[in-house]
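Asker: Below is a structure I'd like to ask you about.
Nothing in this text is a laboratory measurement; each read-out follows from the coordinates by a stated rule. None of these values were measured; they are calculated from a predicted model. Glycine also receives a Cβ, built like all others from the backbone with ideal geometry; neighbour counts cover every protein chain displayed.
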Amino acid sequence: MASHTLRHVDPTVSRGPLYRAFANLMGTQVALWISKAVGWKLDPHLLRLTRGRLGFGLVIPTALLETRGARTKLPRHNAVIYFHDGDRVTIIASKAGAPEHPAWFYNARANPDVLFGGQPFRVEIVDDETSRTRLWALADRVFPPFARYREAAARTGRTIPILQLVPRGRSGEGGHEVVDGF
């Protein structure tokens, strides 16, 4: 896949009323049904064809996550909403608040070297509650329906994972070197 520059998404920037209205529309039951029936299947192809410029979410910041299957090691492609936290990219494994994690989460956990927007990253799962609280506040600014997804997941006993993607070739937390290569 051809690489492109990820659009920097600052979660602290105020979103306009049209953005907020569209984001809330995307969180409705009808939009979720359309997304599950069509969007989640077409988005990876659309993002690849347009080199990340256009996806099902239109104005919602979305990019293509390429993981390796946890068992098969075959490449898997999923469109995910993202935002930046410094030089890290933050993604949320919400699956719209479903009782189970999305398959891509298990793949990323098993094989943490991923491509995101065609660029190499290493996945770190955020476990620290202080960091999770801070990142949820930012995530809710980027995509307000995340709050409803958290509530729905909590009702089933699921805690939605937050992942941060560290650019490969840089030091990760604790001073360890993040290794290049997919």
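Asker: Points 7 angstrom from Cα along the Cβ direction at A147 and H8: gap in nanometres?
Answerer: 2.8
Asker: Under a plain spin-label model, where a point goes 7 Å from the Cα along Cα-to-Cβ, how far apart in nm are T72 and A110?
Answerer: 1.1
Asker: Amide H to amide H under 5 Å from V9: which residues, 5+ apart in sequence or cross-chain, H placed 1.01 Å off N in plane?
Answerer: For V9, the qualifying residues are H84.
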